[in-house]
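Q: Below are the structure tokens for one structure; questions will follow.
The values are calculated or read from the model by the stated rules, or taken from the named source; none is laboratory data. Quick caveat: nothing in here was measured; it's all calculated off a predicted structure. Positions of Cβ are generated from backbone atoms using ideal geometry, with glycine treated the same way; all protein chains shown enter the neighbour counts. Ligands, DNA and RNA are stripped out before the accessible areas are found, and what is left, the full protein with its side chains, is counted by its heavy atoms. Shrake-Rupley method; radii C 1.70, N 1.55, O 1.52, S 1.80 Å.
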Amino acid sequence: MDNPLEKITSLEKVAHFFHDKMTLLFGGFGGIGTPPSLIDLIIDLNIKDITVIGNDTGFPHIGIGKLISLGRVKKAIVSHIGSNPLAGKQMTNGELEIEFSPQGTLVERIRAGGIGIAGIITDIGIDNEVTTKGKQIIHLNNEPFLLETALTAEVGIVYAKKADPYGNLVFDKSARNTNPLVAMAGEITIAEVEEIVPLGELHPEEIVTPGVFVDYIVPSKGVNWRWVWE
């Protein structure tokens, strides 16, 4: 009998989790730490009208930016779009809805979703009409605060350096970024990993994301970054 705790699978076997009009949480910062093979899978499946949630819109040909460049994203909840001019163009043309959230607030909203609370309150952006648009203002001790709702998604995709068969994850330096929080907040979490090691090989102190947050592990096909420098 297969061990139900083992989570290693293939890209083909997780394809059915992706569909039109889905919500998608993604790890990464400017593309670093965003799972390349899973992004390519979504592209190959021709999934469209996606709502994506993550730090930023990547670059036109890196990270989540590849989906945006192809017009597959309907809405993005992000902290900025400055690294992807195509996102700015689509927003201006009314083709892409952007919900801006300050970076610290955004990660706290994702964390709130991961730990199961409804939201957070913050005074960050309280005087900014962009960040307050459509949001409730509450008063605590006679001071105004924004009520920022928790963020979750149908699927969360993360990128790790190593994993064992039970889904315990180790990240590569700054590629760790938002991945641990995203892993907590997806209804289904799929981790793309560069290396799968035997049980017991990962030292407990180096595990960042415990396997309890991970549903599936897929080996990465890797990515060629050489063109960035050309």
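Q: The conditions are (1) open to solvent by 40 Å² or more (accessible area, probe 1.4 Å); (2) outside any loop (DSSP other than H, G, I, E, B); (3) free of Cβ contacts under 8 Å to residues at least 60 places away in the same chain, and G82 fails exactly one of them. Which is it?
A: (2)
Q: Same structure, new question: Regarding the range 21-40, can at least one residue be identified that is at pLDDT 95 or above, within 17 Å of the chain's Cα centre (by Cα), among the hydroxyl-bearing types (S, T, Y) and part of a helix (DSSP H, G or I)?
A: yes
Q: Here's another thing I want to ask about it. Being touching a strand residue (DSSP E or B) at 6+ places or on another chain (Cβ under 7 Å), in contact (Cβ under 8 Å) with a residue 60 or more places away in the chain and either among the small types (G, A, S) or not in a loop (DSSP other than H, G, I, E, B) (or both) is the filter here, so list the residues in the range 52-71 that pass it.
A: Residues satisfying the conditions are I53, G54.
Q: What's the number of the only condition in (1) open to solvent by 30 Å² or more (accessible area, probe 1.4 Å); (2) part of a loop (DSSP other than H, G, I, E, B); (3) closer than 27 Å to L70 by Cβ that V130 fails to meet?
A: It fails just one condition, (2).
Q: In addition: Which residues, taken from the range 103-120, are open to solvent by 60 Å² or more (accessible area, probe 1.4 Å) and either in contact with a Leu (Cβ under 9 Å, 6 or more places away or on another chain) or at negative phi (or both)?
A: Across the range 103-120, the qualifying residues are Q103, E108, R111, I115, I117, A118.
Q: While we're on this one: Restricting attention to the range 180-224, and to residues there that are crowded, with 24+ Cβ neighbours inside 10 Å and of a type in the set (S, T, Y), which single residue is farthest from the chain's Cα centre (by Cα)?
A: In this case the residue turns out to be T209.
Q: Further question on the same structure: Looking at K13, K7, K66, which is the one that is among the basic types (K, R), modelled with pLDDT under 95 and closer than 26 Å to E194 by Cβ?
A: The conditions single out K7.
Q: Which pairs do you get when a residue that is under 15 Å from S101 (Cβ atoms) and hydroxyl-bearing (S, T, Y), found in the range 129-144, comes within reach of a residue that is part of a loop (DSSP other than H, G, I, E, B) and open to solvent by 80 Å² or more (accessible area, probe 1.4 Å), reach meaning Cβ atoms under 8 angstrom, with the pair 6+ apart or on two chains?
A: Sorted first by the residue in the range 129-144, then by its partner, the pairs are T131/I124.
Q: For T92, all conditions in the list (1) open to solvent by 40 Å² or more (accessible area, probe 1.4 Å); (2) under 14 Å from the mean Cα position of the chain (by Cα) hold save one; what is the number of the exception?
A: Of everything listed in (1) open to solvent by 40 Å² or more (accessible area, probe 1.4 Å); (2) under 14 Å from the mean Cα position of the chain (by Cα), T92 misses just condition (2).
So that you can scan it fast, the table gives a plain yes or no per residue for (1) modelled with pLDDT under 90; (2) over 19 Å from S79 (Cα atoms); (3) aromatic (F, W, Y):
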{"residue": "Q103", "(1), (2), (3)": "no, no, no"}
{"residue": "E129", "(1), (2), (3)": "yes, no, no"}
{"residue": "E148", "(1), (2), (3)": "no, no, no"}
{"residue": "I157", "(1), (2), (3)": "no, no, no"}
{"residue": "K173", "(1), (2), (3)": "no, yes, no"}
{"residue": "N179", "(1), (2), (3)": "no, no, no"}
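Q: Oh, and also: Looking at K133, is it over 17 Å from the mean Cα position of the chain (by Cα), more than 30 Å from L41 (Cα to Cα) and not β-branched (V, I, T)?
A: yes
Q: Right, here's the next one. Within the range 165-174, is there a residue that is assigned to a helix (DSSP H, G or I), surrounded by 12 or more Cβ atoms within 10 Å (Cβ to Cβ), of a type in the set (A, V, I, L, M, F, W, C) and touching a Gly at 6+ places or on another chain (Cβ under 9 Å)?
A: no
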